[in-house]
1. What number of residues within the stretch 117-150 satisfy the criterion of being assigned to a loop (DSSP other than H, G, I, E, B) and either surrounded by fewer than 20 Cβ atoms within 10 Å (Cβ to Cβ) or under 19 Å from the mean Cα position of the chain (by Cα) (or both)?
2. Please specify each residue of the stretch 1-23 satisfying the condition of being of a type outside the set (A, V, I, L, M, F, W, C) and exposed (fewer than 13 other Cβ atoms within 10 Å of the Cβ).
3. If residue 96 satisfies all but one of (1) surrounded by fewer than 21 Cβ atoms within 10 Å (Cβ to Cβ); (2) touching a Leu at 6+ places or on another chain (Cβ under 7 Å); (3) of a type outside the set (Phe, Trp, Tyr), what's the number of the condition it fails?
4. Can you tell me which residues in the stretch 1-55 are charged (D, E, K, R) and either touching a Gly at 6+ places or on another chain (Cβ under 8 Å) or within 20 Å of residue 71 (Cα to Cα) (or both)?
5. Please verify whether residue 49 is in contact with a helix residue (DSSP H, G or I) (Cβ under 8 Å, 6 or more places away or on another chain) and among the acidic types (Asp, Glu), treating the condition exactly as stated.
6. Outside any helix (DSSP H, G or I), crowded, with 18+ Cβ neighbours inside 10 Å and of a type in the set (Val, Ile, Thr), is that true of residue 195?
7. For the subset of the stretch 209-261 comprising residues that are at pLDDT 85 or above and among the acidic types (Asp, Glu), which member is surrounded by the most Cβ atoms within 10 Å (Cβ to Cβ)?
8. With 77, 84 as the choices, which residue is assigned to a loop (DSSP other than H, G, I, E, B), in contact (Cβ under 8 Å) with a residue 12 or more places away in the chain and over 20 Å from the mean Cα position of the chain (by Cα)?
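The values are calculated or read from the model by the stated rules, or taken from the named source; none is laboratory data. All values derive from a computational prediction rather than experimental measurement. Cβ placement follows ideal geometry from the backbone for every residue including glycine, while neighbour counts extend to all protein chains displayed.
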Amino acid sequence: MKNVLRIGLIGNGREAQRRLATVRAVWPQARVTRLAQNTLDFPEAMLVDWLRAHDVVLVAVPPAERYRVLELAIREGVHCFVDGLPAPSLKDLERLGRLAEEAHVEVGVSRPWRFHPKLHASTRGVPPLLLVQQRIGGGGVVPWHARLAEAIDLCCALARSSSVLQIDGEAVRGKSWIEAVACNVRFHSGTYAQILLWQEAGPSLLELYLGCTGAPCRLVLEPAAAASEQAEMQAFLTALAMQQPVPVSLLEALQVLHIVERLMPRLR
């Protein structure tokens, strides 16, 4: 086990501050150095030198810069953790995945719903039936692709499978954009999941029903950012220190996105 991880944090603003607080809360023995300068203004050779000085880098840069920063880090053999998907293109993500595999580098992609404290306390094996209902609060256009990926990722984690036998879905459209999405997913593990997402005023809320024989469980999950992110970061850093596969890998994110890509044509 590697007791001391050299951790770097790239980025500025709220996301970077949140990640810094999370690491210090769960891994106080770590040495954390921060690069707050805009990576677009930072000479690439100096950025590469900075990356080489770390075992793992937390990437909290704007979405447009994620791919470049992660590619540089992977090529230098540095493990990475990023809040969102490094690139919108599935092809680019697959390329990053191949680079990481060749370099024996772990890339973590944050998925904090998996680590919600209520969910962690209530998991009882693989449920044969999953019902996921999520109210998406706030106004404006909802990034349905990202919200679907979050919901399907949660189902994959609970079903302990990302291999799908059957998938179907439907969208409810308003005057100018989608207002709700429903889909059904049957996993090879035997779990059948039904997902309903809709937009409504008020706070976001996720309701989950785990239909286990003799012990069904209904959970209402409010966003629990601090607790979920701390549990996720603890699991990620512990896996790296133990030189084990990380629990929120880019490979898993790619498997989820392949499911979403199969679903999206049915919603258009």
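1. So the answer is 12.
2. 2, 3, 13, 14
3. Residue 96 satisfies every listed condition except (1).
4. Selection gives 6, 19, 34, 41, 44, 49, 52, 55.
5. No.
6. The answer is yes for residue 195.
7. Step by step, filter the stretch 209-261, then rank; the result is 232.
8. Unique residue meeting the criteria: 77.
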